[in-house]
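A.B. asks: Following this message is one structure expressed as structure tokens.
Values quoted throughout were computed directly from the atomic coordinates according to the rules given, and no laboratory measurement underlies them. Model, not experiment: these values are computed from the prediction. Positions of Cβ are generated from backbone atoms using ideal geometry, with glycine treated the same way; all protein chains shown enter the neighbour counts.
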């Protein structure tokens, strides 16, 4: 079997972490860099990734489960880290200027035309954001979708590294917004990912077979 | 450097495909199976992946660029294949029953409780879809976001396989809906991915440095 398929087959949603096992610093660096390298429409990168590893921040995250989704609360402290996937619900042309600045910084420009024309041509791509922006400047459905690309990228990355993970849309969006308002700076977090190592003997999900819809339901070959 | 980071560093958006180079059948099988194994909230899999490889289907896709985004049209015929990422904008409890049926088919059940109780408990997870469903039954922003997880997964998969790709939100959603209405069956396609091999000598993007926002802009360590 292809190593790609075996990686994806072997991963499962961790239901019980081993709180004594931490992801190494080197591995965390790979995870952070893989997040940063994620693909997005027009390279917009309308995201922030908040990485929770300290006891203080874990406590803060744990407290956001006060009202709902308590079944996920234990991961806040047992997992090695939690990644908050945050998107900018009001992504602007000014935000996109930062992407263009980064292009200039590494020389991702057309040398045959002036810097001004380079900038104008690059800004033209912002039309893809505009197509997804309402009259109030809200484009959060679009930026959120981009953030889910990073999510899919990191799930695959972790599968390769043999590090366990738990996807959590089961978080209290409002309490997370309150508790992490300084770090979010107006961004929103609709999904978090706990990462670490499963306590296999207590993790019922480690033993269950993987389940997906049959190929004929989801793949159409033309 | 980690092979994960070098894979992600080396990938780039192909701007010119070599129409003479086809992805092998074996590789296409890996890609299709990787798509199917993608992660989604409550394992909802509210998606379909339409794989375009035949001349007839490529012509049909090419014709959808009649009105806009003509800069992407050439990929319709030059790329080895195009994947249409399609989401169900009205995902229902009945759709989720199919996921539960698949669980039963592989024995992903709790043997200590009755099949009926297994089914009830599994259906309870549908609350995550409900939280994202409006009064008209529309939950397309949520199902679209799930589909972008599959997108991120496959971008990483292709990077590992050294196969080039081009993300295309630049498609005519309405014309694609018309031209592929039989295959879509009510689903919508908001993003496509051309895949194949770059014609490097004519692909300006093959030579440009990769650009991303600096780490301090997107990663916050707590």
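A.B. asks: Mean-square fluctuation check for chain B, GNM, Cα pairs under 10 Å: which of B:109, B:155, B:50 is largest?
C.D. replies: B:109
A.B. asks: Once both axes come from the Cα atoms, what is the angle between helix B:140-161 and the longest principal axis of chain B, in degrees from 0 to 90, rounded to 10?
C.D. replies: 50 degrees
A.B. asks: Here's a follow-up. Defining the label point at 7 Å along Cα→Cβ, can you sort the distances from residue B:202 to the same site in each other copy, shortest first, in nm?
C.D. replies: Spacings between copies for this position, smallest first, are 6.1 nm.
A.B. asks: Which distances, shortest first and in nm, link residue A:69 to the matching position in the other copies, using label points set 7 Å out along Cα to C-beta?
C.D. replies: Going from nearest to farthest copy, the values are 3.1 nm.
A.B. asks: Taking only Cα atoms and a 10 Å spring cutoff, compute GNM fluctuations for chain A and point out the largest among A:199, A:25, A:177.
C.D. replies: A:25
A.B. asks: Sticking with this one: With angles folded into 0 to 90 degrees, how steeply does helix A:115-124 sit against the dominant principal axis of chain A? Use alpha carbons for both and round to 10.
C.D. replies: The answer is roughly 60 degrees.
A.B. asks: Further, regarding this structure: Using the Cα gyration tensor of chain A, with a ≥ b ≥ c the square roots of its eigenvalues, what is the shape: rounded (a/c below 1.5), prolate (a/b larger than b/c) or oblate (neither)?
C.D. replies: In terms of gyration-tensor shape, prolate.
A.B. asks: Here is a further query. Obtain the nm distance between the two label points defined at residue A:5 and residue A:113 by a simple spin-label model: each point lies 7 Å from its Cα along the Cα-to-C-beta direction.
C.D. replies: 4.5 nm
A.B. asks: Let me ask another. Which one, B:181, B:44, B:80, has the greatest fluctuation when you compute a Gaussian network model over chain B with C-alpha springs under 10 angstrom?
C.D. replies: Evaluated over chain B, the most mobile residue of the options is B:181.
A.B. asks: Which residue is it, in chain A, that holds its beta carbon closest to the axis of the A-onto-B rotation, and how many whole angstrom away?
C.D. replies: Spelled out, residue of A and its Cβ distance from the axis onto B: A:152, 1.
A.B. asks: Can you list the copy-to-copy distances for residue B:25, using a point 7 angstrom from Cα toward Cβ, in nanometres, shortest first?
C.D. replies: 5.2
A.B. asks: Here's something else I'd like to know. Would you give the gap between the C-alpha center of the stretch A:1-57 and the C-alpha center of the stretch A:145-222, rounded to a whole Å?
C.D. replies: Centre-to-centre distance over Cα atoms comes out at 9 Å.
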